[in-house]
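To start, the structure under review is shown below, and the notes come after it.
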Amino acid sequence: MNISPLQTARYEYMPKLPGMLRNGISEICVKEGNDTQSVADQEKIAALFPNTYGKKEITFEKGANTSVSKKQAVGVILSGGQAPGGHNVVCGLYDALKATDKENVLYGFKGGPSGLLEDSYIEFDDAYINMFRNTGGFDIIGSGRTKLETEEQFAVAAEVCKKHGITAIVIIGGDDSNTNAAVLAEYMAAHNTGVQVIGCPKTIDGDLKNEDIEISFGFDTATKTYSELIGNIERDCNSAKKYWHFIKVMGRSASHVALECALETQPNICLISEEVEAKKMSLSQIADQIADAVEKRAAKGMNFGVAVIPEGVVEFVPEFKALIAEINELLAGAKADEFNALASWEEKYAFIENGLSGDAMAVFAILPQNIQQQLFLERDPHGNVQVSLIESEKLFAAMVADKLAQRKAAGTYKGKFSAQYHFFGYEGRCAFPSNFDADYCYSLGYNAFMLIQYGFTGYLSKVSNLSRPAEEWIAGGMPITKMMNMERRHGEDKPVIRKALVELDGAPFRYFEERRDTWAVETCYTFPGAIQYFGPASVCDITTRTLALEKGMLK
């Protein structure tokens, strides 16, 4: 296999650990904090998790290790979409486990949670682990989206663990995956299986965060990757001076990625889904906002610009959300077959027009035809519109073009408008992790084993104080139930980890809000460039601007 010079160098990089984890396993002790409770619905969550609810937060400190020494066999699962640094979580877990006892074993279950249910695994050794240190991707064992949520699945998982003598399972995933980890931990405790369950916070979307989890791993690398690309486009845009670039970035339920990229690159426009929802903005109002910037820049002779669009923004537009709900109802059951049997778009349009309310049809009618058709593409497993398939970057560009045509006819706009389209998603999910993510993820894995060694279950591996140098990071754990509330899912009330959306009164958004009017009209682009791995810490270990603003490190 051919290996690039950068990959060879990254194999040799030794990730930095928090100071208290550098002392050696024998010199790490536990400091207990306060009892915890869930963020909401405390009585309901407590009733569902009688064995794992209300536990104390803990931190690790320098001191004599008082854990009971025993041979450990641990299983690890990668769950959900890829995020840079996942390999280092596994490597950190493996190194801590082997540092404690060379006879300890780490099993990697293949293809996500289904690997545990199907008893499909690999037993890690040094040679295999060393091929994945500090690299991107999840190909070390693969990932999957199977949910661990039924009694039957839990029983199978318990039997597989018993078969291999597994004492703990580490689940590396996002909010849904760690919700499953909490439920699995409760089952294992209730049935006295002796199997602990620990979670690790992963998602490039950045929506698995709270007062305890400062950042989910992968967000740093993904946003730096997207920001490099956006900066490159801005440089080209400012060179050619003839295109408006509409760039959609990942972030289905939250706009953390879009906001961070805007803070890094200062585009002319960045939509924030949470603001759209809070202000109840219509599609037309959003298009007018962008068209205003286009017009003002054109008046200064600048017929070019950059607009960043979060992937899920249309779901936050009240009128569009209502339209989608009606379409889901319109195509429920046998009606979907009736619709799909129609031969032409004209026939399908008539079917839609007859089935939607007047308000919904008014919204549908203003959409470009290609967007209208995207709303009726293949449904998701629940029969709903797959909003992620909607090319919102093209939707807003087309609507802006219509607005500008109207203004040109009215004599208020005399510029030129030509659009280019981009979607940055998969480009960032498996990138070589930044030094920050390499260090953070290795620490999360190492820390996860310390939680196992001290007998904790239903906990999330937690590393905080992340805006400071790694030496000052604080390692510990928090009960996953602390992050949970009840939500309506598929007609039932379910315990889930609350998603963290962009806070409109938070420092990152306020910083953006104070400057965006200037960015809209002036050319204030900044060019982050490629992620740097070698050089001064001020360049190579820099955190996201979001984290720096939240921690008061940037004014």
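The values are calculated or read from the model by the stated rules, or taken from the named source; none is laboratory data. Please read these numbers as outputs of a predicted model, since none were measured by experiment. Neighbour counts are summed over all protein chains in view; Cβ atoms, including those assigned to glycine, are modelled from backbone coordinates with ideal geometry. With ligands, DNA and RNA removed, areas are computed over all heavy atoms of the protein, side chains included. Shrake-Rupley method; radii C 1.70, N 1.55, O 1.52, S 1.80 Å.
Ligands, DNA and RNA excluded, the heavy atoms of Glu151 present near 110 Å² of accessible surface to a 1.4 Å solvent probe.
Inter-label distance, Asp493 to Glu329: 2.5 nm, where each label sits 7 Å from its Cα along the C-beta direction. Shape analysis of segment 43-84 places it in the oblate category; the axes a ≥ b ≥ c from the Cα gyration tensor give an a/c of at least 1.5, with a/b not above b/c.
Take the solvent-accessible surface of the protein heavy atoms, probe 1.4 Å, and return the percent of it on segment 286-326 that carbon and sulfur atoms account for.
Percent of accessible area from carbon and sulfur atoms in segment 286-326: 52.
DSSP beta bridges fully contained in the chain are about 40 percent antiparallel.
Listed values for segment 396-407 are Karplus-derived 3J(HN,Hα) couplings in whole Hz (6.51 cos²θ - 1.76 cosθ + 1.60, θ = phi - 60°), namely 5, 4, 5, 5, 5, 4, 5, 4, 5, 4, 5, 5, and x replaces Gly and Pro. The charge dipole of segment 312-395, taken about its Cα centre with unit charges on the Cβ atoms of Lys, Arg (+1), Asp and Glu (-1) only, comes to about 60 debye. Out of the total accessible area of segment 84-229 (probe 1.4 Å, heavy atoms of protein only), what percent is carbon and sulfur? C and S atoms contribute 48 percent here.
Suppose all protein chains stay in the model; what accessible area per residue would a 1.4 Å probe give for segment 275-413, in Å²?
Spelled out: the 1.4 Å probe surface of segment 275-413, per residue, equals 45 Å².
Its alpha carbons give segment 198-355 an Rg and a Dmax of 19.6, 57 Å. Rolling a 1.4 Å probe over the protein heavy atoms gives segment 156-250 an accessible area of 28 Å² per residue.
For segment 1-139, divide the Cα radius of gyration by the Kirkwood radius and give the resulting Rg/Rh value with two decimals. A ratio of 1.02. For segment 337-422, a/c is not less than 1.5, where a ≥ b ≥ c are the root eigenvalues of the C-alpha gyration tensor, and a/b tops b/c. That puts it in the prolate class.
Entry note, the chain: relative contact order of 24 percent, from Cα contacts under 8 Å with a spacing of 6+ residues.
The dipole here belongs to segment 1-52: it is taken about the Cα centre, uses +1 on the Cβ of Lys and Arg and -1 on the Cβ of Asp and Glu, and is about 320 debye. Considering only Cα atoms, the convex hull volume of segment 9-89 works out to 192 Å³ per residue.
Packing order of peptides 258-271, 36-49, highest average first: 258-271, 36-49 (average count of other Cβ atoms within 10 Å over each peptide's residues).
Over the chain, all Cα pairs binned in 10 Å intervals from 0 give whole-percent P(r) values of 4, 17, 25, 24, 18, 9, 3, 0, 0, listed from short to long. According to the calculation over all Cα-Cα pairs in segment 83-140, the P(r) per 5 Å bin from zero is 4, 19, 27, 26, 18, 6, 0 %. Counting only Cα atoms, segment 457-555 measures 50, 38, 24 Å along its principal axes, largest extent leading.
Among 171-177, 16-22, 127-133, 544-550, the peptide with the highest mean count of other Cβ atoms within 10 Å heads the list, and the full ranking is 171-177, 544-550, 16-22, 127-133. Legend: residues Lys62, Lys162, Lys56, Lys462, sorted from most to least accessible area (1.4 Å probe; ligands, DNA and RNA excluded), read Lys162, Lys62, Lys56, Lys462. A 1.4 Å probe, protein heavy atoms only, puts the accessible area of Met302 near 30 Å². Charged side chains reduced to their Cβ positions (Lys and Arg at +1, Asp and Glu at -1) give the chain a dipole of some 1240 debye around its Cα centre. Grouping the Cα pair distances of segment 1-50 into 5 Å bins from zero gives a pair-distance distribution of 4, 13, 11, 8, 9, 9, 12, 11, 8, 8, 5, 0 percent in increasing distance order.
Axis angle, to the nearest 10 degrees, between helix 219-240 and the longest C-alpha principal axis of the chain: 30 degrees.
Per residue, the accessible area of segment 1-128 comes to 47 Å², computed with a 1.4 Å probe over protein heavy atoms only. Spherically averaged projected area of the convex hull of Cα atoms, segment 94-204: 7.0 nm².
For segment 473-555, give the percent of accessible area contributed by carbon and sulfur heavy atoms, probe 1.4 Å, rounded to a whole number.
Exposed carbon and sulfur together represent 51 percent of the surface.
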